[in-house]
1. For a quick check of your reading of the model, give me the residue pairs whose first member lies in the range B:1-27 and is open to solvent by 100 Å² or more (accessible area, probe 1.4 Å), whose second is not aliphatic (A, V, I, L, M), with beta-carbon atoms closer than 7 Å and at least 6 apart or on different chains.
2. Looking only at the range A:230-260, which residues are part of a loop (DSSP other than H, G, I, E, B), open to solvent by 50 Å² or more (accessible area, probe 1.4 Å) and either modelled with pLDDT of 95 or more or aliphatic (A, V, I, L, M) (or both)?
3. Could you grab me the full set of residues in the range A:74-97 that are on the phi > 0 side of the Ramachandran plot and within 13 Å of another protein chain (Cβ to nearest Cβ)?
4. Anything in the range B:255-278 that is open to solvent by less than 50 Å² (accessible area, probe 1.4 Å) and assigned to a helix (DSSP H, G or I)? List them, or say none.
5. Being in a loop (DSSP other than H, G, I, E, B) and modelled with pLDDT of 95 or more, is that true of even one residue in the range A:54-71?
6. Looking at the range A:88-95, can you tell me whether even one residue there is within 23 Å of residue B:78 (Cα to Cα) and not in a helix (DSSP H, G or I)?
7. Can residue A:214 be described as under 14 Å from residue A:157 (Cα atoms), open to solvent by 30 Å² or more (accessible area, probe 1.4 Å), without any contact (Cβ under 8 Å) to a residue 40 or more places away in the chain and basic (Lys, Arg)?
8. How many residues are part of a loop (DSSP other than H, G, I, E, B), open to solvent by less than 20 Å² (accessible area, probe 1.4 Å) and of a type in the set (Val, Ile, Thr) if we restrict to the range B:132-191?
Amino acid sequence: MKLCFVGNSHLGAIYRAWKLVRKEYPSINIDLFIERSTGVNPLKIISGSEEGEHITRLEQILVIKDDPIDVDVYDYFFVFALGLSIVPVMHLYKHCRADGHAQSEGTRLVSNECFHAAAMGALMGSKAISLARAVREHSAKPIYVVAQARPSEYVLDPSEGTVSSYASAVAMRDDSSLNSTYVEAAQAVCGPLGATLIDQPEETLNGSLFTHGRFGVADPRDCGEGSSYSIGDWWHMNDRYGLASLSHALKHLPSMEGLK
Amino acid sequence: MKDSVSPYKGLPMHRFWKTGVSEQTPTEMQGLYKKKFAISPKDRIATAGSCFAQHISRELMLHGFNVIDEEPVPPGLSVVDAHRFGYGLYSARYGNIYHVKQMLQLAMEAFGEWQPADYIWERQGRFFDAMRPSVEPEGLPSPEAVERHRKAHLHHVRNVLRNTDVLVFTSGQTEAWVHTASGTVYPTAPGTLAGSYDEATHKFCNFDFGQIHSDFLQFRSLLKAHNPSVRVLLTVCPVPLTATAMPQHVLLATTYSKSVLRAVMGQLSDNFSDIDYFPSYELIGTPFSRGMFYSSNQRSVTQIGVQTVMRMFFSEHSNEQELRQKNSKVASTLSSDEVVCEDIILQSFGEQQ
């Protein structure tokens, strides 16, 4: 069984986890394609005839390998993060409050319907959905969109700055509603593509908006210069999360029974 | 014997129909518009009015003019949804303002001098702001929500009116539906988007020259009281009426409507140095253009028509060097050419017959 994993830096934890457990899955072969954060090449689809063969390939989007992704050789596609996360919904919340939210000075009132449409629009514009759409246009194989982990609970530690909307959401008790909006919107953008949304494992969640700190790379015990905590990396997860997420993702495969 | 003298002798070519119109190409028209005052890219421009004003607003933004956007598109909202919710169309989310009286009432309400009557309309358990019924296509869950949203909106309208250097206002038509007891003018007929028509509550009104002129003067006074240096650029929407409530042919009703508006705008421009008239109506909607700027329904203005009109505007107001230097922030909401026009919904009533 050949799996294609495509993602950005958030795929790193999965990559490390896979190296640890790959022997436990002898029937599974995973190719990982990771977007470089500083890359410039856009996603391109190569479709046509080459040496008499009909081929369809996703030219690698800034990946670590040089070869394009040949969509025909994979049984399942997993798209990791690539903008499919709660972050754009929280960005929206920072500027706009729906009727159902607690109102705050400096934010604009929008209707619930408008807020939901904006959340959907933000996720629809993510690279994850663009990639899933591109795959779907060239393959009928199952596609799973694995959402980026919610930020570490330590995102609440800074008293101000760009992440202040998280603390505000908790203080205003809007966290649960925001999470519902996010999940509904994420499912709504995956659905028309025939893609399945895989949210993060339940055991890694701390409330509605956060990942338990123990799964994140940021650790308040290490706040030295240049540490993940000191630079405010509340977004990337560690190997422990990678193992949990990988296991959770593979459970969605219909034919997982007996593979391990 | 003394040679006869004609007052027309020696007048410039554009004063004569043959040389000014017959021999001109509509897309290359010269000399139709001479600005009364300059509008620089630094001027804060507010836009409001009938459907055609959306084109003007969009083109001004695309050309780097400083169009006020008091209610910006929420992050993430797609272009289509933004327009559906009334974002990115005008300087605030007031939807189309077809009537001068509507503009006056909006300004009075924003400055706390007036309140609309019966402005919360219901449709299938959802509630709509009758003063801008299209901005929430699915309505809001309660009358209280409509009040809350309107209050927030009026705050933004106040900011627009106080802060603008130039208000570009496109008047749309003379026919309106009015709340009889209070005189509240609605942008759409009750029962079109929401609410329900009741002849005991609502009446039809076809504004005449005197009423419109007087309404604009009152609006100007109010605006100047809060923003003394503001200037106004007036236009008349060249889009014909979709339907008329007058007992006459829609072409006659359209001609009346546009003629009255054109006359009012002309007199205002003649009488005030800080009011200019921009002849988009003449370019699009007169025999001069031979109908070439209308699409096949002979109502919607084509993109070429919009571009021709705006070229005429920019030939007088554009400072290319300044525009190039300016880091023009063009919203992503500008890519759609579609205009939002509640008026078109009336067409569906005609089709049912």
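1. What qualifies is B:13/B:19; B:13/B:20; B:14/B:20; B:14/B:31.
2. Correct list: A:231 only.
3. Looking only at the range A:74-97, we keep the residues that are on the phi > 0 side of the Ramachandran plot, and these are A:81-83.
Residue satisfying the conditions is A:83 alone.
4. B:257, B:258, B:260, B:261, B:263, B:264, B:265, B:266, B:268, B:269
5. The initial filter retains those residues of the range A:54-71 that are in a loop (DSSP other than H, G, I, E, B), namely A:60-68.
When the remaining residues are screened for being modelled with pLDDT of 95 or more, the result is none.
For the range A:54-71, residues in a loop (DSSP other than H, G, I, E, B) and modelled with pLDDT of 95 or more: absent.
6. Step one: of the range A:88-95, the residues within 23 Å of residue B:78 (Cα to Cα) are A:88-95.
Still in the list and also not in a helix (DSSP H, G or I): none.
There is no residue in the range A:88-95 that is within 23 Å of residue B:78 (Cα to Cα) and not in a helix (DSSP H, G or I).
7. Details: under 14 Å from residue A:157 (Cα atoms): no; open to solvent by 30 Å² or more (accessible area, probe 1.4 Å): yes; without any contact (Cβ under 8 Å) to a residue 40 or more places away in the chain: yes; basic (Lys, Arg): yes.
No.
8. 5
The values are calculated or read from the model by the stated rules, or taken from the named source; none is laboratory data. What you see is a predicted model; the values in this text were computed from it and never measured. Glycine gets a Cβ as well: all are built from the backbone with ideal geometry, and neighbour counts include every protein chain shown. In case anyone asks, the SASA skips ligands and DNA or RNA and just uses the protein heavy atoms, side chains included. Shrake-Rupley method; radii C 1.70, N 1.55, O 1.52, S 1.80 Å.
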